[in-house]
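A quick write-up on the structure given underneath.
The values are calculated or read from the model by the stated rules, or taken from the named source; none is laboratory data. Owing to the predicted nature of the structure, the values given are computational and were not obtained by experimental measurement. Heads up, the Cβs are rebuilt from the backbone with ideal geometry, glycines too, and the neighbour counts pull from every protein chain shown.
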Amino acid sequence: MNKVKIWLVSLVVICLTVVCIAEIFAKSSTEKNGISIRKVQEEVVLYTIQRGSYDKTGPAIGKLYALAGKNQISPRGSAYYVYLNNPKRVSSRHWLTEIRIPVSKDALKAAGTLGEMTDIKTLPATEVAVAVKPEGQADPGGIYNRLYAWIFKQGYIPAGSAREVFLTNAMTGNYAQMKTEIMIPVRKM
């Protein structure tokens with residue numbers, strides 16, 4: 001009977017060790033490539049739709065912040081883009097970008113009054129795969145490729161349009177010098 005108990009305890013210790021090693025490997029793998037899964041809470045955003053090249057969005061962001069100030073809407077975080085179409089498949093004249101600024105919930109009282117392509121909405125909570133685009137990198141194509149490959153490898157699928165949150169001033173107009181977080185909404189396969 002003692003040999004069975006010792007054997008069972010040994011088996012449990014081995015299993016726990018394997019699980020711990022697997023978790024450490026998974027964490028180091030995520031940290032190594034800088035990709036992780038994050039839960040984004042429900043949020044209210046002030047947004048506008050911008051058509052055309054991304055280098056023309058700086059003034060649109062400025063106008064959106066000015067509109068917020070004019071309507072006493074309090075920003076609650078960094079501006080970010082949601083890419084509504086694929087820039088490799090459409091001419092830059094037709095690129096569609098939703099520019100969003102997180103705002104307080106009381107801003108919802110202004111919904112429907114801000115213009116044809118500008119409004120306020122509530123976004124549901126979601127999980128996102130996240131990677132950082134460092135300052136000094138002008139082309140994030142490689143980051144997107146690694147991010148999508150990682151998503152599928154981890155057993156997720158994309159569940160919405162990619163977004164890019166600006167961690168530095170988005171109105172500078174120099175994308176290469178901006179640090180951003182690239183986020184892709186995901187769900188388990």
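Numerical summary
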item	result
The range 167-185 residues that are under 10 Å from residue 134 (Cα atoms), paired with ones that are buried (at least 20 other Cβ atoms within 10 Å of the Cβ) and at pLDDT below 80 (beta carbon under 9 Å, 6 or more apart)	178/170; 180/170
Residue that is surrounded by the most Cβ atoms within 10 Å (Cβ to Cβ) [pool: residues in the range 121-174 that are of a type in the set (Lys, Arg) and not in a helix (DSSP H, G or I)]	133
Qualifying residue in the range 101-110 (condition: touching a residue at least 40 places away in the same chain (Cβ under 8 Å), charged (D, E, K, R) and assigned to a strand (DSSP E or B))	no
Qualifying residue in the range 88-105 (condition: farther than 21 Å from residue 48 by Cβ and buried (at least 19 other Cβ atoms within 10 Å of the Cβ))	no
Residue 130, sole failed condition from (1) under 28 Å from residue 71 (Cα atoms); (2) in contact (Cβ under 8 Å) with a residue 24 or more places away in the chain	(1)
For residue 66: the one exception among (1) in contact (Cβ under 8 Å) with a residue 24 or more places away in the chain; (2) farther than 22 Å from residue 185 by Cβ; (3) surrounded by fewer than 17 Cβ atoms within 10 Å (Cβ to Cβ); (4) of a type in the set (A, V, I, L, M)	(1)
Positions within the range 40-61 being without any contact (Cβ under 8 Å) to a residue 60 or more places away in the chain and assigned to a loop (DSSP other than H, G, I, E, B), in sequence order	52, 53
Single condition residue 73 does not satisfy, out of (1) touching a helix residue (DSSP H, G or I) at 6+ places or on another chain (Cβ under 6 Å); (2) modelled with pLDDT of 90 or more; (3) closer than 21 Å to residue 175 by Cβ	(3)
Test for residue 129: is it modelled with pLDDT of 95 or more and out of contact with any helix residue (DSSP H, G or I) (no Cβ under 8 Å at 6 or more places or on another chain)	no
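Matching residues to (1) among the acidic types (Asp, Glu); (2) over 21 Å from residue 167 (Cα atoms); (3) at pLDDT 95 or above; (4) under 17 Å from the mean Cα position of the chain (by Cα):
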position	(1), (2), (3), (4)
48	no, no, yes, no
57	no, no, no, no
78	no, no, no, yes
86	no, yes, no, yes
98	yes, no, yes, yes
102	no, no, yes, yes
120	no, yes, yes, no
